[in-house]
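To start, the structure itself, in structure tokens.
The values are calculated or read from the model by the stated rules, or taken from the named source; none is laboratory data. No experiment lies behind these values; they were computed from the predicted model shown. Positions of Cβ are backbone-derived with ideal geometry, glycine not excepted, and every protein chain shown enters the neighbour counts. The accessibility values were calculated without ligands, DNA or RNA, using every heavy atom of the protein model including side chains. Shrake-Rupley method; radii C 1.70, N 1.55, O 1.52, S 1.80 Å.
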Amino acid sequence: MLDDKAVLQILGDELNQSAGGNENEFIDANRKHALAYYLGQKLGTEVEGRSQVVSTDVADAIEWIMPEVMEQLSKFDEIVTFDPVSAEDENQAALESRFVYDVLMKHNDGFLTLHQAIKDALMQKNGIIKTWYEVDHRREVKRFSGLNQAEVQYIMQDERYEITGQSATIDQDATAAQMQQYQMVVQQAQAQGQPAPPPPEPVQLFDLKVATEIPCPKIKVKAVPPEEFRINRQHNTPNPCEARFTAHVMLKSASDLIKSGIPKELVDSLPRGEIDDDDRDYRFYMQNETVYPTREVSNDPSQNLIEIAECYLHIDLDEDGVSEFVKIEVAGGDNPTHILRVEEMSVDDHPFTSVISILMSHKFFGLSIYDRLKEIQDQKTSLWRNILDNLYLQNNQRTAVLEGQVNLDDLLVSRPGGIIRQRVPGAVEPIVTPAIGQDAYQMMEYLDQVRAGRVGVNPEGPLNLQDIGDRVGSQGVAQLMAAREAVTGLIIRVIAETGIKPLMIQIRNQARQHLDTIQNFKFRDKWHAIRPTDWHARDNTTVHVGTGSGNNGFQLQAISGIIEFQQGIKQMPGQTLVTPEQEFSAFKKYCILSGLGSPEAYFVDPESPHGLELGKGAQQAQQEQKMKEDQQNMAMLKMQTDLAQAEMQKAQAQMANVQLKAQVEQMNLQIKEAEAIANNAEESAQLQLEYAKLRSDEALKITEIESKERIEVTKAHQQNKAAINGSAQT
């Protein structure tokens, strides 16, 4: 097992040999020079009496890029989303994505953290973000008044409370009642010849002031000043979690160390006194701000500052040949003197994320805007100074004089209309300074174009369309704008991939490691009871950031076309290509790209409780409408059936009438034949009687059939009319 001395020796070597440590002067000098160029400070080459103006191209470019970057990273409700692993996992993945975003933006100062880290990356190569879990204790003071002795004892036995103040008063009413009872006891004792008991103590009421420590577990996210971060020099990827050694060297008060669990005796023994923190305080003194020259910043010893190095490294503490990933806190900064705490950790607990704006292959440190524009700023500063010096000389030209023939006092005073006394004509002759010409101004414009090409921004915006003229059509303009914005767009994408994406994964890992209590979380207008420690491992993510305002315009135009297609498809009967969820997804994308924010203010999410309720109502209305249409169709079908039956009955009656007439005609023929063969009158009379009877029966039968036919047809027409009227009213 390694002893403390060996561990301190290992940590000291790692800290001093790490990038950003005491022996790495290049990184430290680069950061200071970058800040100096950002502030537009003097170069040290100024000449007295000459122009000392300094161009601020580095600061201008950074401040032009920052709004675009922050807009792309803050206008989306979800910067990074976790990918689902199955159809059943989609809602859970979306919930986790929203929870992680809220931890960053709502539980922490997410906007300020991202702003600081991104500006560090643009100015000083890398921005560092630290993520960790911590249980803060919020101290609350409560006051209780009018407590009796029993209530005071109960509070004193409660370990949650610490009594910090106490006062007592006499309860006059209770004491008077007690004395009355005492007088009665005294009288009884005297009547029985017994001695009187001692008088009771007055009844007291107590006022207490108690303090309680309320634990507040929280996942913290903070931007770390780059000069406080250390990483081993050989590390060659943008991800600090893969490094062999990383550290955060910072100042902490003695009170903070004690509250974090470090014994007071050990804290009191740690070194204090004079400090030389130019590497940390340069941000102050370079802007003419003073800082404390000593760690003893207060007469209160608890507020004295102690330099701490929080180291994360792989080290073989038990000397079994296999290293473990541990966190070791030491006092003394880059020159550790005391081990404060050793804690074995999971790799998922690695706290650092590095934000890079311009990647360099196989290196941890990227390039900054300062690295790209330092030469341009120097050249513009030199040109600017020469132009101004030329203007100064033209307004205040040098003069050649004949020695001894000119009053030098008159010559040295330059004022409009001033008189210079001379003894002979021509004793004073101006030396003409030629104008510097348009070449210098054209060079300034050229350098501005070079600057825009290197970082993708200029004062006029993404592209000055007036400079294009008629050389290209509308498509060519769009291509030129896209090419210019591609530089800034790539910076945004690199920032998202190197910094924001791993940051979200780290926040989720911290939640899975430590948040083991059930929390109420509102997602899609519905409250969920979640326990992050129950979540399964998840690493696949999707980054949702744009690549510039021009790209947003193209995306907005594309999503508008998709919405139009969806509306057209929705009009097609029986379509199966567009669902309400897909429509809402298109509306959501449109609102985000338009800068309107959350779409819930304008549309109802079909998967939300309100959306599901509306969907059920719409489905029920559709079912009722379908039932109504089915009833109308059934009534129409019945009407048509009844009408067809009536027509069939009419046809059958007509056919029966024809058949009857045929039978009558046949009978007439038979009668005629009978009359022809009849020989006597009696037979003829009999035949005539039978004929008359037959004709009478025939007429009655025909009349009956025709009457029945008319009744059936009339009835069918009445039913048909009633059915039509009922359908129209419905």
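Looking at segment 630-651, I want the residues that are under 19 Å from Lys708 (Cβ atoms) and have a partner that is among the basic types (Lys, Arg) with Cβ atoms under 9 Å, at least 6 apart or on another chain. Which pairs are those?
From residues that are under 19 Å from Lys708 (Cβ atoms), the pairs are Ala646/Lys715.
If Met634 satisfies all but one of (1) in contact with a helix residue (DSSP H, G or I) (Cβ under 8 Å, 6 or more places away or on another chain); (2) at pLDDT 80 or above, what's the number of the condition it fails?
The number of the failed condition is (1).
With respect to Ala676, is the statement that it is more than 26 Å from Glu704 (Cβ to Cβ), at pLDDT below 80 and either not hydroxyl-bearing (Ser, Thr, Tyr) or not in a helix (DSSP H, G or I) (or both) true?
Judged against the criteria, Ala676 is a match.
Would a scan of segment 137-150 turn up a residue that is touching a residue at least 12 places away in the same chain (Cβ under 8 Å), touching a Lys or Arg at 6+ places or on another chain (Cβ under 8 Å) and under 30 Å from Pro606 (Cα atoms)?
No: segment 137-150 contains no residue that is touching a residue at least 12 places away in the same chain (Cβ under 8 Å), touching a Lys or Arg at 6+ places or on another chain (Cβ under 8 Å) and under 30 Å from Pro606 (Cα atoms).
For segment 229-253, name all the residues that are of a type outside the set (Lys, Arg) and in contact with a Gly (Cβ under 8 Å, 6 or more places away or on another chain).
Phe229, Ile231, Pro238, Val249, listed by residue number.
Conditions tested, residue by residue: (1) under 25 Å from Gln17 (Cα atoms); (2) modelled with pLDDT of 85 or more.
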position: Lys222; (1), (2): no, yes
position: Glu227; (1), (2): yes, yes
position: Asp300; (1), (2): no, no
position: Leu317; (1), (2): yes, yes
position: Gly321; (1), (2): yes, yes
position: Asn335; (1), (2): yes, yes
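I'd like to know if segment 144-167 contains one or more residues that are of a type in the set (Lys, Arg) and more than 30 Å from Val224 (Cα to Cα).
yes
Is it the case that some residue within segment 262-273 is touching a Lys or Arg at 6+ places or on another chain (Cβ under 8 Å) and modelled with pLDDT of 85 or more?
yes
Restrict the check to segment 239-261 and report whether at least one residue is closer than 30 Å to Gln506 by Cα, open to solvent by 40 Å² or more (accessible area, probe 1.4 Å), among the polar types (S, T, N, Q) and modelled with pLDDT of 90 or more.
Yes - at least one qualifying residue is present in segment 239-261.
Before we move on, is Lys721 modelled with pLDDT of 70 or more, open to solvent by 60 Å² or more (accessible area, probe 1.4 Å) and among the basic types (Lys, Arg)?
So Lys721 does not fit the description; no.
Give the residue that is farthest from Thr533 (Cα to Cα), with candidates limited to residues of segment 306-344 that are in a loop (DSSP other than H, G, I, E, B) and β-branched (Val, Ile, Thr).
Thr337
Confirm whether Asp207 is part of a helix (DSSP H, G or I) and either over 23 Å from Glu134 (Cα atoms) or charged (D, E, K, R) (or both).
No, not satisfied.
Looking only at segment 145-162, which residues are open to solvent by 60 Å² or more (accessible area, probe 1.4 Å) and under 29 Å from Cys216 (Cβ atoms)?
Of everything in segment 145-162, those that are open to solvent by 60 Å² or more (accessible area, probe 1.4 Å) and under 29 Å from Cys216 (Cβ atoms) turn out to be Ser145, Glu151, Tyr154, Met156, Gln157, Glu159, Arg160, Glu162.
Please tell me if Gln555 is part of a helix (DSSP H, G or I) and modelled with pLDDT of 80 or more.
It is false that Gln555 is part of a helix (DSSP H, G or I) and modelled with pLDDT of 80 or more.
Which residues, taken from segment 78-119, are among the polar types (S, T, N, Q), surrounded by fewer than 17 Cβ atoms within 10 Å (Cβ to Cβ) and assigned to a helix (DSSP H, G or I)?
Asn91
Out of the residues in segment 369-388 that are touching a Leu at 6+ places or on another chain (Cβ under 8 Å) and of a type in the set (A, V, I, L, M), state the one that is nearest to Asp57 (Cα to Cα).
Top of the filtered list is Ile376.
Consider only pairs whose beta carbons are under 6 Å apart and that are at least six residues apart or on different chains; among these, list those whose first residue lies in segment 29-42 and is in contact (Cβ under 8 Å) with a residue 40 or more places away in the chain and whose second residue is assigned to a helix (DSSP H, G or I) and β-branched (Val, Ile, Thr).
Within 6 Å, the pairs are Tyr37/Val58; Tyr38/Val58.
So which of Lys130, Lys125 is in contact with a Lys or Arg (Cβ under 7 Å, 6 or more places away or on another chain), surrounded by 14 or more Cβ atoms within 10 Å (Cβ to Cβ) and under 30 Å from Trp64 (Cα atoms)?
Of Lys130, Lys125, the one residue that is in contact with a Lys or Arg (Cβ under 7 Å, 6 or more places away or on another chain), surrounded by 14 or more Cβ atoms within 10 Å (Cβ to Cβ) and under 30 Å from Trp64 (Cα atoms) is Lys130.
Return yes or no: is Ser74 more than 22 Å from Thr113 (Cα to Cα), open to solvent by 20 Å² or more (accessible area, probe 1.4 Å) and hydroxyl-bearing (Ser, Thr, Tyr)?
When the stated conditions are applied, Ser74 does not pass them.
Of the residues that sit in segment 382-404 and are of a type in the set (D, E, K, R) and farther than 19 Å from Val54 by Cα, which one is least open to solvent (accessible area, probe 1.4 Å)?
Filtering segment 382-404 for residues that are of a type in the set (D, E, K, R) and farther than 19 Å from Val54 by Cα, the one least open to solvent (accessible area, probe 1.4 Å) comes out as Arg398.
Confirm whether Gln52 is surrounded by 14 or more Cβ atoms within 10 Å (Cβ to Cβ) and assigned to a loop (DSSP other than H, G, I, E, B).
Yes: the conditions hold for Gln52.
Which of the residues that make up segment 14-49 are more than 25 Å from Met286 (Cα to Cα) and open to solvent by 70 Å² or more (accessible area, probe 1.4 Å)?
Once the filter is applied, which keeps residues that are more than 25 Å from Met286 (Cα to Cα) and open to solvent by 70 Å² or more (accessible area, probe 1.4 Å), segment 14-49 yields only Gln17.
Is one or more of the residues making up segment 345-362 in a loop (DSSP other than H, G, I, E, B) and over 39 Å from the mean Cα position of the chain (by Cα)?
No: segment 345-362 contains no residue that is in a loop (DSSP other than H, G, I, E, B) and over 39 Å from the mean Cα position of the chain (by Cα).
Any idea how many residues of segment 398-439 are in a loop (DSSP other than H, G, I, E, B) and among the aliphatic types (A, V, I, L, M)?
Qualifying residue count, segment 398-439: 9.
Here are Arg398, Arg454, Arg421: which of them is in contact (Cβ under 8 Å) with a residue 60 or more places away in the chain and of a type in the set (D, E, K, R)?
Arg454
Given the condition acidic (Asp, Glu), in contact with a Leu (Cβ under 9 Å, 6 or more places away or on another chain), outside any helix (DSSP H, G or I) and surrounded by fewer than 18 Cβ atoms within 10 Å (Cβ to Cβ), answer yes or no: does some residue in segment 168-179 qualify?
So far as segment 168-179 goes, yes, one or more of its residues are acidic (Asp, Glu), in contact with a Leu (Cβ under 9 Å, 6 or more places away or on another chain), outside any helix (DSSP H, G or I) and surrounded by fewer than 18 Cβ atoms within 10 Å (Cβ to Cβ).
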